[in-house]
Each structure stands twice: as C-alpha cells, then as structure tokens.
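Take a look at the structure below.
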Amino acid sequence: MRWGFGRTRYSISAGLYAIGTPSSDSPVLVTANYKMTFDILRRDMHGHDAWLLVLDTKGVNVWCAAGKGTFGTDEIVRQVQKTRLQQLVNHRILIVPQLGAPGVAAHKVSKACGFKVVYGPVRSSDLPQFLANGQTATPAMRRVSFTFKERLILTPVELVSMWRQTMWSVLVLFILGGIGIHIFSFTAAFNRGGAAILTGVLGLLAGAVLTPLLLPWLPGRIFAIKGAIAGLAVGFLGVILLRDSLNWLNSLALIMAVSAVSSWCAMHFTGSSTFTSPSGVEKEMRKAIPAQAAALLVGGLCWIATAF
Amino acid sequence: MSNLRYLENVVTLELDVEKCIGCGMCAEVCPHGVFVIEERKARIVERDACIECGACAGNCPVEALTVKAGVGCASAIINGWLTGEEPSCDCGGSC
Ligand code: SF4
Ligand code: SF4
C-alpha cells in the first residue's frame with residue numbers, strides 16, 4: 001500500500017530471509033522492512049537464490065528511510081552482527097539498493113563490520129541482470145526515472161495526503177457559504193458552500209492529478225506555475241461550461257480559486273517527484289505561497305460578494 | 001528523464017577537487033548522473049540535475065564533497081518553517 005495512513009501496519013520483522021535455496025556463496029541483498037518493498041523484491045528475484053538482510057526502517061521504504069537515516073550505516077552494521085552474517089556466507093559483500101545510499105557510508109560499513117558495500121541498481125527489476133553481469137550496473141540502471149506510469153501511480157497518494165486539508169476546507173466553505181443577506185441560512189450553506197467545494201475539488205484534480213500527468217508538457221520548471229496554468233485552463237473550461245448560470249463575479253471567483261488550489265497542490269507534488277532539490281523547492285515556495293494566497297483571497301472575496 | 005529538469009543555480013553541491021582521489025563512488029551512487037570521472041578526478045557535469053540527496057557526500061571516503069542534504073518536499077519544508085527545525089520527511093507513503 002502506498003496510501004498515507006496506517007502505513008506502519010505494512011511492515012515485516014527485520015532480520016535475515018532466504019529467497020530460493022541460498023548457499024554460503026549466494027549474494028546478500030539489503031532492503032527495508034516496508035512490506036511492499038519486500039514483496040516486490042521477492043517477486044523480482046523469483047527463481048534466484050539469495051539472502052535478504054532486512055533492516056528495521058519502521059516500515060518505511062528505502063528512499064525515505066535513507067533520507068531519515070533509519071536505513072543507514074549503523075542499522076546495517078547492527079543487523080550484520082545480529083544475524084552473524086560472517087558465519088553464514090563465505091564472501092564479504094552486501095548489495096545495497098542505490099536509493100539507500102543517502103543514508104549509508106560504504107567505507108564506514110566496511111570499517112565497522114568487514115563487509116564491502118556494492119550499490120545495486122535503482123530498480124529491483126534490474127537485479128537479476130545486475131547479478132548476471134558480475135554485480136555491475138549499467139548507467140541506465142543507476143538513473144532514476146519519472147515516467148508517465150510512475151506519475152500515474154503517485155496521484156492517488158497525492159489525493160490521500162491532501163485529505164486533512166480538504167476536510168477543513170469543506171467545513172469552512174459550508175460556514176462561509178451560509179453567510180448572506182439572511183445572516184446565515186442552511187439552504188445557502190448547501191447551495192453556495194456546495195458550489196465552492198466543487199470549485200475546490202476542481203482545483204485539487206487540476207493540481208494533484210492533471211499537473212503530475214502533464215508535467216513534462218506544462219510550461220516552466222516551477223511546479224506552482226505548472227499547477228496554476230493547469231488550474232487556469234480548468235477554471236476557464238468550467239466558466240465556459242457554466243456560462244448560463246454564472247455572473248462575472250462568480251466566474252472570476254471560480255478561475256482564481258481553482259488556479260490557487262491547483263498551484264498549491266502541484267507545489268506539494270514536488271515531494272513525490274524524483275528530480276527536485278530542497279533548495280529549489282524552498283525558493284519556489286517563498287515566491288509561490290504569497291501569490292497563491294492573494295489569488296485565493298480575490299476569489300474568496302468575489303464569491304462572498306455574490307451573496308449580497 | 002533528461003527532459004525533466006528543476007530550477008537552475010540553487011543547488012548547494014560543492015566539490016573540492018584537491019581532496020578528490022578519483023575513486024568513483026560519487027558517480028556510482030548519484031541517481032541523476034551529476035558526476036563523471038576524468039583523469040582520476042571527479043567533475044560535476046550536470047549540476048542543475050542534483051536533488052541534494054546527500055548520497056555522494058556521505059559515500060566520499062575523503063570528504064571531498066559537501067551538500068546541504070534534505071528532502072525536496074513542500075509539506076516537509078512548511079513543517080520546518082512552523083517548528084523551526086530541519087525539514088523532515090513525514091509526508092505520505094511516497095515522499
Ligand atoms: S567519491 Fe570523493 S574521492 Fe571518490 S571520486 Fe567522488 S569526489 Fe572523488
Ligand atoms: S546530492 Fe545526490 S543528486 Fe546531488 S550530486 Fe550528490 S548524489 Fe547526486
């Protein structure tokens with residue numbers, strides 16, 4: 001499961017596992033105790049013999065755990081010693097996934113426990129070929145990709161990770177939607193609040209689904225701008241489709257709000273992408289958040305004005 | 001992949017060529033092909049592709065590389081701003 005909640009349930013115990021019927025000459029593959037990582041690795045290594053040294057990463061995948069340091073030098077050394085690996089295998093080589101490298105210092109592992117770290121390919125599906133090549137990776141195996149399919153898989157993750165913000169927004173929009181010439185009315189709360197929530201959902205879809213999928217084709221490098229453009233397009237489309245029931249204030253509110261929400265969601269997609277640097281994201285956010293807030297404010301004011 | 005690039009000239013990666021012994025570890029661990037090894041020295045060829053993951057610096061045996069490593073994730077950075085701590089990666093299942 002890739003979903004945000006209840007992730008700790010998807011962990012397995014740390015320690016040593018066997019794939020096939022490994023001997024003392026079989027390779028040792030290091031991995032995280034995130035259940036999905038473990039299952040994919042087992043699937044990709046089907047038909048081969050190997051040892052699996054599973055680290056305790058608290059049920060987090062290799063890349064994230066390496067960033068936190070739970071997939072790291074100390075935990076590798078600890079598991080090597082705990083499982084008495086040196087008595088089990090004749091060689092002194094650990095194959096560590098390349099995406100674990102941010103947490104691991106290869107030279108420190110070998111100093112501490114005598115095992116040499118060899119970095120395996122980025123994708124576990126390349127492992128059989130990597131092993132057949134005498135444990136060498138081709139340049140393509142070393143590179144992180146970010147294909148349409150990979151982005152598609154991540155979009156539900158994006159939507160789920162936004163659920164808390166979404167719930168709060170829904171509540172606020174209902175309350176604001178009820179305010180009008182009758183001071184507060186529930187009919188208005190449902191009609192106007194409902195319309196605003198729909199607007200928010202449009203923004204969410206534009207920013208968290210459309211933007212990731214169209215990423216390479218949206219102009220610019222800044223995620224917030226890509227998201228704003230997708231939001232503008234969706235907003236205009238909405239205005240054209242609903243032109244009979246919207247006045248100019250409503251239309252402006254719709255376009256502004258969809259763009260702002262879309263831009264905000266797209267900015268959050270930086271965390272799921274595979275080619276953004278923290279320095280870059282921080283720079284982008286310092287510029288983008290005030291603009292998003294301003295657009296949302298204009299949209300919100302227009303929307304409230306239509307109630308009177 | 002080469003068509004997806006992020007912002008230019010923001011990356012904190014530095015290489016001290018004097019210290020470098022040309023072992024090639026940085027080129028091996030980097031997921032974005034930032035380094036090449038030429039004449040027994042590392043050279044940065046794709047600076048703007050760096051995502052500041054810290055793998056190269058951590059695996060350089062002679063500490064020739066420095067980078068301000070962190071997570072390039074908006075939620076984490078907002079958390080960092082709010083709590084005044086270093087951004088930490090607690091976002092979703094994917095990061
Ligand atoms: S890891 Fe360090 S010493 Fe080795 S090539 Fe890279 S910079 Fe040079
Ligand atoms: S920090 Fe990561 S992405 Fe940047 S050069 Fe080093 S290994 Fe490559």
Among the residues in region A:143-163, are any surrounded by fewer than 20 Cβ atoms within 10 Å (Cβ to Cβ) and at pLDDT 90 or above? no
Can you tell me how many residues within region B:53-75 are buried (at least 23 other Cβ atoms within 10 Å of the Cβ) and at pLDDT below 85? 5
Can you work out which of the residues in region B:35-45 that are touching a strand residue (DSSP E or B) at 6+ places or on another chain (Cβ under 8 Å) and farther than 24 Å from A:V109 by Cα is nearest to the other protein chains (Cβ to nearest Cβ)? B:V36
Over region A:12-54, the set of residues over 15 Å from A:S124 (Cβ atoms) and in contact with a helix residue (DSSP H, G or I) (Cβ under 6 Å, 6 or more places away or on another chain) is A:I12
Return yes or no: is A:V104 within 13 Å of chain B (Cβ to nearest Cβ), closer than 22 Å to B:V36 by Cα and among the β-branched types (V, I, T)? yes
Among the residues listed as B:I37, B:I21, the single one being away from ligand 2 (no atom under 12 Å from the Cβ), in contact with a Gly (Cβ under 6 Å, 6 or more places away or on another chain) and among the β-branched types (V, I, T): B:I37
Of all the residues that make up region A:95-135, how many are touching a Pro at 6+ places or on another chain (Cβ under 9 Å) and in contact (Cβ under 8 Å) with a residue 60 or more places away in the chain? 7
Can you name the residue in region B:16-34 that is under 11 Å from the mean Cα position of the chain (by Cα) and under 14 Å from B:N59 (Cα atoms) and, of all such residues, is nearest to ligand 1 (Cβ to nearest atom)? B:C26
Within region B:50-67, of all residues that are more than 7 Å from ligand 2 (Cβ to nearest atom) and within 7 Å of chain A (Cβ to nearest Cβ), the one farthest from the chain's Cα centre (by Cα) is B:P61
Within region B:28-43, track down each residue that is surrounded by fewer than 19 Cβ atoms within 10 Å (Cβ to Cβ) and β-branched (V, I, T). B:V36, B:I37
Residue that is nearest to A:R142 (Cα to Cα) [pool: residues in region B:6-18 that are more than 8 Å from ligand 2 (Cβ to nearest atom) and within 9 Å of chain A (Cβ to nearest Cβ)]: B:Y6
May I ask you to list the residues in region A:20-37 that are surrounded by 19 or more Cβ atoms within 10 Å (Cβ to Cβ), not in a loop (DSSP other than H, G, I, E, B) and not hydroxyl-bearing (S, T, Y)? A:V28, A:L29, A:V30, A:A32
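Please find, among A:R43, A:R2, the residue that is more than 28 Å from A:P278 (Cα to Cα) and at pLDDT below 95.
Matching residue, one of A:R43, A:R2: A:R43.
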Subset of region A:58-80 (residues that are free of Cβ contacts under 8 Å to residues at least 40 places away in the same chain and farther than 18 Å from B:P31 by Cβ): A:T70, A:T73, A:D74, A:E75, A:V77, A:R78, A:V80
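The values are calculated or read from the model by the stated rules, or taken from the named source; none is laboratory data. None of the values given here were measured: they were computed from a predicted structure. Virtual Cβ from ideal backbone geometry, glycine too; neighbours counted across all protein chains shown.
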